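Working notes, beginning with the structure itself.
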Amino acid sequence: MESGIEKIFKKQLIPKGAYKGGKGKSEVIAKLGNKKIHKLSSNENILGPSPKAFDAIINHMGKISEYPERTDIKLRKALSKFYGNILSPDQFITSNSGVAMIELIERVFLNEKSNIIISNPAFKPYQVFAQRIGAKVIDIPLIGDAFELDVTNILKSVNKNTRLIFVTSPNNPTGTHIPKSQLDELINNIPDHVIVVIDEVYFQYATAEDYTTALPYVDAGKNVIAINSFSKAYGLAGIRMGYAYSSEKIAKYISSARLPFMLNTLGMEAAIASLEDKPFIKMTVELINSEKKFLYQELDKLDIKYWKSEANFITIKPEMNDKEFEAKILEHGIMVRPVASFGHPGCIRVTIGDRTANKAYLKALKKVLKK
Ligand SMILES: Cc1ncc(COP(=O)(O)O)c(C=O)c1O
């Protein structure tokens, strides 16, 4: 029997393997001194945010002494418009980031008796948040070097206590996508007490012909929730905004657990302005696509194992211990992310930057790997 105050602590919250997120630039600069750093570790937008988001923030700065609007309907209407009015504003849920949305969804659907299914290599928070609730995490790993979804075994693992199946497409940390045929097979065969959660925070970058977002499934009334973020292509990682869409029934249920005044004024305005700036997203995607081609060519020349990516990062497998690689490439001013904790041992995720950042990365890569 524990004595002190710990006896009232919830066992599942006692820190073990908590999700920390990637390091910040200032943390690294504080250690290394004032060296030029290329932060290629968190899949942010190298172009920054849309200038329209910037203006929206500046124009609303005078408002921050007042509480934000009581409702997020303005953003949900902007989202409905963004999706061509295929979905109604009541099918959206907004949140303070993609991870906050993952946590919210798990909080409202899980308890100590339930389970979720994930497919490693996968974004770590799905697992960490479920464990905090005391729910069971079933891992049905992605298959082979193409990281295909093991639909047969996922369906076999579903039982009466399964609530959520997480699918990430494009996937972090592999950069691969789940083809529509595999999603069809999964979604068409789940029982009605199970929801497929499709995390599509990198959807803007996907170009594969057989790629699909969750939109057609939600539109067809399936038990599907899509998770999205303003941290990636929109360049708003520091302001913490995210959203999800699903059926009205599911959206209403999840929204009932949102906090009052959850979205801050600046975040909501910046998100709305970003949704309207389609040319900025086009420019971002074009930059990533052309730089991706350049990086593929250069990585091929260096004969390094990497996976073709549908996202704004390329994951490599250097022939070196991952932690050692991270430390060595940092000495050359390049921040990268080892993804062993995402179930991808020995691999390193590198955000695609602009030509200057990518050249600096390649130069450092050659030095570190002595190529
Ligand atoms: C697959 C995936 N989902 C969700 C997120 C969450 O993004 P954020 O919490 O910054 O909105 C990330 C960020 O790395 C991600 O890679």
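The values are calculated or read from the model by the stated rules, or taken from the named source; none is laboratory data. Predicted model only: the values in this text are computed from it and were never measured. Note that we place each Cβ from the backbone using ideal geometry, even for glycine, and neighbour counts take in every protein chain shown. Ligands, DNA and RNA are stripped out before the accessible areas are found, and what is left, the full protein with its side chains, is counted by its heavy atoms. Shrake-Rupley method; radii C 1.70, N 1.55, O 1.52, S 1.80 Å.
Take VAL158 and tell me if it is in contact with a Leu (Cβ under 7 Å, 6 or more places away or on another chain) and either more than 16 Å from the ligand (Cβ to nearest atom) or modelled with pLDDT under 95 (or both).
When the stated conditions are applied, VAL158 does not pass them.
When the residues of region 243-254 are filtered to those that are open to solvent by less than 40 Å² (accessible area, probe 1.4 Å) and farther than 16 Å from ALA273 by Cβ, which remaining residue is nearest to the ligand (Cβ to nearest atom)?
Applying the first criterion (open to solvent by less than 40 Å² (accessible area, probe 1.4 Å)) to region 243-254 yields 243-247, 250-251, 254.
So of that shortlist, the ones also farther than 16 Å from ALA273 by Cβ come out as 244-247, 250-251, 254.
On the way: ALA244: 11, TYR245: 15, SER246: 16, SER247: 21, ILE250: 19, ALA251: 18, ILE254: 16 Å.
Only one residue fits best here, namely ALA244.
Could you tell me whether any residue of region 139-157 is hydroxyl-bearing (Ser, Thr, Tyr) and on the phi > 0 side of the Ramachandran plot?
So in region 139-157, the residues hydroxyl-bearing (Ser, Thr, Tyr) come out as 152, 157.
After this cut, where a residue has to be on the phi > 0 side of the Ramachandran plot as well, the list is none.
Among the residues of region 139-157, not one is hydroxyl-bearing (Ser, Thr, Tyr) and on the phi > 0 side of the Ramachandran plot, which makes the answer no.
Please specify each residue of region 175-210 satisfying the condition of being within 15 Å of the ligand (Cβ to nearest atom), assigned to a loop (DSSP other than H, G, I, E, B), within 27 Å of SER80 (Cβ to Cβ) and open to solvent by 10 Å² or more (accessible area, probe 1.4 Å).
HIS177, VAL201, ALA206
Which residue is nearest to SER88 (Cα to Cα), if the candidates are limited to region 211-221 and must be away from the ligand (no atom under 15 Å from the Cβ) and of a type in the set (Val, Ile, Thr)?
Only one residue fits best here, namely VAL218.
Are any residues in region 218-238 buried (at least 23 other Cβ atoms within 10 Å of the Cβ) and either in contact (Cβ under 8 Å) with a residue 40 or more places away in the chain or over 13 Å from the mean Cα position of the chain (by Cα) (or both), and if so, which ones? Write out each step before concluding.
Filtering region 218-238 for residues buried (at least 23 other Cβ atoms within 10 Å of the Cβ) gives 218, 224-230, 232-236.
Residues satisfying the conditions are VAL218, VAL224, ILE225, ILE227, ASN228, SER229, PHE230, LYS232, ALA233, TYR234, GLY235, LEU236.
Of the residues TYR126, TYR67, TYR83, which is more than 16 Å from the ligand (Cβ to nearest atom) and open to solvent by less than 70 Å² (accessible area, probe 1.4 Å)?
Residue meeting the stated conditions: TYR83.
Restricting attention to region 17-25, does a residue exist that is closer than 19 Å to PHE280 by Cα and open to solvent by less than 90 Å² (accessible area, probe 1.4 Å)? Break it down into steps so the answer makes sense when it comes.
Restricting attention to region 17-25, the residues satisfying the condition of being closer than 19 Å to PHE280 by Cα are none.
No, that holds for no residue.
Checking LEU79 against (1) in contact with a Pro (Cβ under 8 Å, 6 or more places away or on another chain); (2) assigned by TED's automatic domain parsing to the domain that holds ILE316: exactly one of these is not met. Which one?
Single failed check for LEU79: (2).
Against the condition more than 30 Å from ALA214 (Cβ to Cβ), assigned by TED's automatic domain parsing to the domain that holds GLN131 and surrounded by 11 or more Cβ atoms within 10 Å (Cβ to Cβ), how does ASN59 come out, does it pass? Break it down into steps so the answer makes sense when it comes.
Numbers: more than 30 Å from ALA214 (Cβ to Cβ): yes; assigned by TED's automatic domain parsing to the domain that holds GLN131: yes; surrounded by 11 or more Cβ atoms within 10 Å (Cβ to Cβ): yes.
So ASN59 passes the test.
Taking interchain pairs and intrachain pairs at least six residues apart, which have beta carbon atoms under 6 angstrom, with the first residue in region 177-203 and over 26 Å from ASN312 (Cα atoms) and the second more than 16 Å from the ligand (Cβ to nearest atom) and among the aromatic types (Phe, Trp, Tyr)?
From region 177-203, the pairs are ILE187/TYR217.
Does region 311-319 include one or more residues that are over 20 Å from ILE102 (Cβ atoms), under 22 Å from the mean Cα position of the chain (by Cα), crowded, with 17+ Cβ neighbours inside 10 Å and not polar (S, T, N, Q)? Reasoning before the result, please.
First, pick out the residues of region 311-319 that are over 20 Å from ILE102 (Cβ atoms): 314-319.
Then drop every residue that is not under 22 Å from the mean Cα position of the chain (by Cα), which leaves 314-317.
With the extra rule that they be crowded, with 17+ Cβ neighbours inside 10 Å, the set shrinks to 314-316.
Filter again for not polar (S, T, N, Q), leaving 314, 316.
Yes, some residue in region 311-319 is over 20 Å from ILE102 (Cβ atoms), under 22 Å from the mean Cα position of the chain (by Cα), crowded, with 17+ Cβ neighbours inside 10 Å and not polar (S, T, N, Q).
Looking only at region 259-271, which residues are over 11 Å from SER50 (Cβ atoms) and either within 20 Å of the chain's Cα centre (by Cα) or open to solvent by less than 50 Å² (accessible area, probe 1.4 Å) (or both)? Please lay out each step first, then the result.
Step one: list which residues in region 259-271 are over 11 Å from SER50 (Cβ atoms), which gives 259-269.
Answer for region 259-271, where residues must be over 11 Å from SER50 (Cβ atoms) and either within 20 Å of the chain's Cα centre (by Cα) or open to solvent by less than 50 Å² (accessible area, probe 1.4 Å) (or both): MET262, LEU263, THR265, LEU266, GLY267, MET268, GLU269.
Name the pairs: first residue in region 296-325 and within 22 Å of ALA206 (Cβ to Cβ) and without any contact (Cβ under 8 Å) to a residue 24 or more places away in the chain, second residue surrounded by 17 or more Cβ atoms within 10 Å (Cβ to Cβ) and of a type outside the set (Ser, Thr, Tyr), Cβ to Cβ under 6 Å, at least 6 apart or on different chains?
Listed by first residue and then by second, the contacts come to TYR306/LEU299; TYR306/ILE314; TYR306/ILE316.
Spot the failing condition for TYR361; the list is (1) farther than 14 Å from TYR296 by Cα; (2) modelled with pLDDT of 95 or more; (3) in contact with a Leu (Cβ under 8 Å, 6 or more places away or on another chain), and only one is missed.
Failing condition for TYR361: (1).
Just one of LEU302, LEU287, LEU330, LEU295 is of a type outside the set (D, E, K, R), in the same structural domain as ILE29 (by TED's automatic domain parsing) and in contact with a strand residue (DSSP E or B) (Cβ under 9 Å, 6 or more places away or on another chain); which is it? First the steps, then the outcome.
Numbers: LEU302 fails: in contact with a strand residue (DSSP E or B) (Cβ under 9 Å, 6 or more places away or on another chain); LEU287 fails: in contact with a strand residue (DSSP E or B) (Cβ under 9 Å, 6 or more places away or on another chain); LEU330 fails: in contact with a strand residue (DSSP E or B) (Cβ under 9 Å, 6 or more places away or on another chain).
Checking each option against the conditions leaves just LEU295.
Name the one entry in LYS156, LYS160, LYS136 that is without any contact (Cβ under 8 Å) to a residue 40 or more places away in the chain, in contact with a Ser or Thr (Cβ under 8 Å, 6 or more places away or on another chain) and more than 29 Å from THR207 (Cβ to Cβ). It would help to see each step written out before you state the result.
Working: LYS156 fails: in contact with a Ser or Thr (Cβ under 8 Å, 6 or more places away or on another chain); LYS160 fails: in contact with a Ser or Thr (Cβ under 8 Å, 6 or more places away or on another chain).
Only one candidate qualifies: LYS136.
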